1. For chain F, what is the mean residue ellipticity at 222 nm derived from helices alone (per DSSP H run of n ≥ 4: -39500 (n - 2.57); sum divided by total residues; nearest 500 deg cm²/dmol)?
2. Which angle from 0 to 90°, rounded to the nearest 10, does the C-alpha axis of helix D:125-146 make with the longest principal axis of chain D?
3. Between the helical axis of F:85-99 and the dominant principal axis of chain F, each derived from Cα atoms, what acute angle in degrees is found, rounded to the nearest 10?
4. For chain F, calculate the relative contact order in percent as a whole number, restricting contacts to Cα pairs under 8 Å that are 6 or more residues apart.
5. Using the alpha-carbon atoms, what tilt in degrees (0 to 90, nearest 10) does helix B:211-236 show relative to the longest principal axis of chain B?
6. Under 14 Å from the Cα of residue F:106, which aspartates and glutamates turn up, not counting those fewer than eight places away in the same chain?
7. Looking only at chain B, where both bridge partners belong to it, what percent of the DSSP beta bridges are antiparallel (to the nearest 5)?
8. Let me confirm one metric for peptide E:65-76, namely the mean number of other chain beta-carbon atoms within 10 Å of its residues' beta-carbons.
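The values are calculated or read from the model by the stated rules, or taken from the named source; none is laboratory data. Just so it is clear, the structure is predicted and the values come from calculations on it, not from any experiment. Please note: Cβ atoms are built from the backbone with ideal geometry, for glycine as well, and neighbour counts cover all protein chains shown. Note: areas computed on protein heavy atoms with side chains; ligands, DNA, RNA excluded. Shrake-Rupley method; radii C 1.70, N 1.55, O 1.52, S 1.80 Å.
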There are 6 protein chains.
Amino acid sequence: MRPSKRAFDEIRQVILEPDINKHAEGSCFARFGDTQVLCTASLEDKAPLWLRNSGRGWVTAEYGMLPRSTGVRIEREACHKGQSGRTHEIQRLIGRSLRASVDLSKIPDLSIRVDCDVIQADGGTRTAAITGGFVALYRAFEKLKKLSIIEENPIFSTVSAISCGFYQGEAILDLDYEEDSSAETDANFVITGSGGIVEIQGTAEKIPFNREDFNKLLDLAYKGTSELSKIQKTVLGI
Amino acid sequence: MRPSKRAFDEIRQVILEPDINKHAEGSCFARFGDTQVLCTASLEDKAPLWLRNSGRGWVTAEYGMLPRSTGVRIEREACHKGQSGRTHEIQRLIGRSLRASVDLSKIPDLSIRVDCDVIQADGGTRTAAITGGFVALYRAFEKLKKLSIIEENPIFSTVSAISCGFYQGEAILDLDYEEDSSAETDANFVITGSGGIVEIQGTAEKIPFNREDFNKLLDLAYKGTSELSKIQKTVLGI
Amino acid sequence: MRPSKRAFDEIRQVILEPDINKHAEGSCFARFGDTQVLCTASLEDKAPLWLRNSGRGWVTAEYGMLPRSTGVRIEREACHKGQSGRTHEIQRLIGRSLRASVDLSKIPDLSIRVDCDVIQADGGTRTAAITGGFVALYRAFEKLKKLSIIEENPIFSTVSAISCGFYQGEAILDLDYEEDSSAETDANFVITGSGGIVEIQGTAEKIPFNREDFNKLLDLAYKGTSELSKIQKTVLGI
Amino acid sequence: MRPSKRAFDEIRQVILEPDINKHAEGSCFARFGDTQVLCTASLEDKAPLWLRNSGRGWVTAEYGMLPRSTGVRIEREACHKGQSGRTHEIQRLIGRSLRASVDLSKIPDLSIRVDCDVIQADGGTRTAAITGGFVALYRAFEKLKKLSIIEENPIFSTVSAISCGFYQGEAILDLDYEEDSSAETDANFVITGSGGIVEIQGTAEKIPFNREDFNKLLDLAYKGTSELSKIQKTVLGI
Amino acid sequence: MRPSKRAFDEIRQVILEPDINKHAEGSCFARFGDTQVLCTASLEDKAPLWLRNSGRGWVTAEYGMLPRSTGVRIEREACHKGQSGRTHEIQRLIGRSLRASVDLSKIPDLSIRVDCDVIQADGGTRTAAITGGFVALYRAFEKLKKLSIIEENPIFSTVSAISCGFYQGEAILDLDYEEDSSAETDANFVITGSGGIVEIQGTAEKIPFNREDFNKLLDLAYKGTSELSKIQKTVLGI
Amino acid sequence: MRPSKRAFDEIRQVILEPDINKHAEGSCFARFGDTQVLCTASLEDKAPLWLRNSGRGWVTAEYGMLPRSTGVRIEREACHKGQSGRTHEIQRLIGRSLRASVDLSKIPDLSIRVDCDVIQADGGTRTAAITGGFVALYRAFEKLKKLSIIEENPIFSTVSAISCGFYQGEAILDLDYEEDSSAETDANFVITGSGGIVEIQGTAEKIPFNREDFNKLLDLAYKGTSELSKIQKTVLGI
């Protein structure tokens, strides 16, 4: 029995609430159980320098945690030493993941920045950020279409993410904080709606795992992201 | 007629929703119209150094804005140069204001940090932060009382804040972003539930004002904070 | 009796010595008793970006303290963490105050930076900085006029500043360090030579004050800035 | 045919030269073809704070690139903005990988820092760093054993790393810079001498990959790390 | 003829005014012609860590320039990037020079910091800082003796500094800004009152110099520092 | 007898190995005994701003130490606070020294950056950096000549550097770490192949030295740099 009482292959209650921000081109408030991430997608006034005249656009992401999103308050990154290594790692992952769903040649010279800010953390903030960030991004492109800034929505596939791990020897899906803290392996999978793998990050926290173990995690990941993709499509009406 | 259609002495719809964060000792989601500020109060594990053995405790505040809380996305302070002068100014003001409501000698060696993070901005974020931060702080003290960390709630008065200004020659209360942008004078008042003035900050944005003008603003401020104090008492059940 | 032996409404000996720097377009060494602030006004080679083609110019200020300007040596801001929140707050105040005396449309595309460096501190450094900074700024405009960079001096009014507070229940004017340390209320007023209020900043250090108290402080502030304005006019010969 | 002329499953010439630094407890100069990484393992005088009295020790890593290790000179990280997100990501990966080979309970209160500095880069610097860093770490533990600081060498398994990817539709092993630049998928695998998976990081650079593709990469990774493990054992004489 | 009209071996008018700061243990306002440096010596509350229990004390220095001490305003080091390489170089030089005059074993566990802030620069700010810093330091030790913190003044010799260089082929003494800008060689000498060389820093700005040239500069330096030493002794009454 | 067993006027074994880096325009691995410095010379894509249209080019240098180049590991400058004062001082010295050998008017609008990274330190890293940096710079200019970017090699003289000092009262040449640690005087000399003095930096570590002492050091420096110049010419085949 996992601490969360969920079945080994059961994801948390996932709620994706789009258009919750007055200012942003697109937005989504993503909840995976008690994990809450506010995602906004902003049209930048400038494309990155290295992209100019390439006929392509860009999508990037930033990630942050409110100081008391966690059980023990964390120091504000603005106060002390800038963004940590963990923050950099996560926001680079979010950016890569979202770009995998977009035909960048359809948004020449445009640049979208997706901000993912953790309001409350209970495990899986990066997977909630990718899954909710996708919804914010999709809505932003719809807005730009309406404003005639782009002709068609450049997204060709949904993309979502889920974590898997081994808890007391059993492969489980969508770990919350308590489960994650005692997991032996931690793996994050980013998978498109059509089943394409975008990113795999697996780390043996305590003891190395073998190929068979890894395949169990991958099976769970396919199941989880397939469910997330459905929720994304429902809230977006696509 | 002011842009918001409100009467000259009418505040926006104010909603103070306490206890919305799972982790924090106290919390409040404060909405002044479209301005939304998430306030959490955290017990710090250490009192500031200069306070040790003084028989007194401390309350301090931090302030931040999510990147897309504003109409034009602002850069994340963690990314570039740390907290701006404006951020410092505001969080010092919030801290001073909250301390004015607390008998610090009743929380010896304890330290509370109140984080005020702007989720959406539409003018008056600092006044919403003070008003909502007070509720978060009060709830935190209640929690500490329940946990027997303190014997009684050290708060002896409510404290709230409101902005006033001159718009097209007329004194108006609780300016939203549009009104604030074209105001001739910008003043913020922090006033306790019993009518004590804690802080006055008045700036002539365009032309200096005179004593009579200033008295009109002060009249409005008394009216506004008196209403805010009532809302605070209602949600806290005191 | 106040510690300084001065009458309750008596300012310190104020000496404003203009043109004491060989390089600066304008300069003034301002002494309020033992408080000494060196003010220089420099023509910047570029106007701020957001001002280009607006037909207006700009005046801004920076503030610093020499390490041993204070009783206990303070760390050099260049050494550790950049400018503190207090420094930011003060230099923004100085800038706003000085701009209130200048018709910015008469210095299109020009930008003046007024540096106020505290040589020795004994309370009231920001009020000495504003009062002396005004003299440096005026002298700089005279220099620019002589050099035919501008046609007329864009200053339309003097501006000066003074602090007031309650010491043992009595309202007093122009607090020195010792008086300030034990004051119950600390208020700074920036007022033009024609009596227009530019800025009011009042903080209850210990107990909130009421409207009547505030009016006493304002009365003193009018008296003090009126005297400062006269001294400014005398040294500038206007 | 791959640009390097190597067979699809052929690694570059790998030379691991131990004990090349006069000062370090352990060291290794690792060459994977033209990629050169200098690895030193240093005994730290203090264990990390959070580890005190836990009965365990720690192994951590840092990564850097000399400015002209690359085709186009890169700015020195000390000069501008500190370590980049990429640097953080890589050094965290190296640390996790090395710890997977060490029984930390056998080095209570000790801490080893492995510095991996890229002298010349030609693709695969992180895999060379892990593979060479392991040798430096092993040698450091031998030194500490000789000095009677520890009783036995706490390493229970070799650990090495290799990259794989798809180049023109074909899965290839150990990509050099030219191959990496045009690869469709980039994956790094960290695997122990006994075949345990420590870390998998796979990213679809251009188009998502499927499960079958991934298995091809994993096959190659097992082959490559098995060869690297043999080289490690040979140079260490174990 | 040199631009300053002085004889080739003539120093500028040097005025050393001690005790000009109300707060500092020792102070001196040093003027070398139009170069003005304010020096204060402060007793630090802690000796440096590496010195504890060594039976010795320490003297260190910091150097800064006011923004408009120069012809073209320089950015405040606190604002942008901390202290420059030049600042570091100069303050390390001042510290080494002053320590050469002090028997550090006579001030066990004490630490003095000498701040040298350039009020106005016209060439030779580092030599004025060393020469004036010595006076501030001496006065500080006298104060500590009076306060019975030390038993005797640990200074056993004066120390002063002067610059020399070649201007149009001729060796000249104590260069001002204009002379320095066009000098072919720039050398700074720190010499004790008894003629001991503490520091020599000579740089060929344009063409390398030979041994004979160098000896001419050294002759001038002995003459200059001998005169400075006399002025120091006069103002200190020793 | 000096600790190194060398004669008082004997330099260490010096090996200058050019062209050891695949990417750099010029490179040299310089060894002075156990001191090892890797020097690379890189053509920059931009000349410094202040140099544009001057008809001249520029040569600059950067210096760094690998964390375990020293007996006790030093913190990576990228991790903490950027480059130290010592680093700045050394890299400015290297840059000035190298420029003394180059006719900058022969490389209009070009800029070369010489990176000197200490792989292993045993005293005299700055002198090895200058001596090896010269070889890297020369080779870079040869490469640029071959690529027809410049017409002729702008170097008109070799330049090299050596340290001297007093050890137990005797003047000695080319101090290693152990000798340097107990030296009474530390002096570095930069001298061209034709005997021109480029830079002299002499510091009395313990007691001031006199003119005669200084002349002994200068004699040794001439002998040492004359030998280094020969080695440079041999490896460069000039």
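1. Numbers: 4 runs with 68 residues, N = 238.
For chain F, the value works out to -9500 deg cm²/dmol.
2. Relative to chain D, helix D:125-146 is tipped by roughly 20 degrees.
3. 60
4. Working: 537 pairs, mean separation 53.4, N = 238.
Answer for chain F is 22 percent.
5. 40
6. Within the straight-line limit of under 14 Å, residue F:106 reaches these aspartates and glutamates: F:142, F:151, F:152.
7. Numbers: 40 of 48 bridges.
Rounded to the nearest five, the antiparallel share is 85 percent.
8. That works out to 6 on average.
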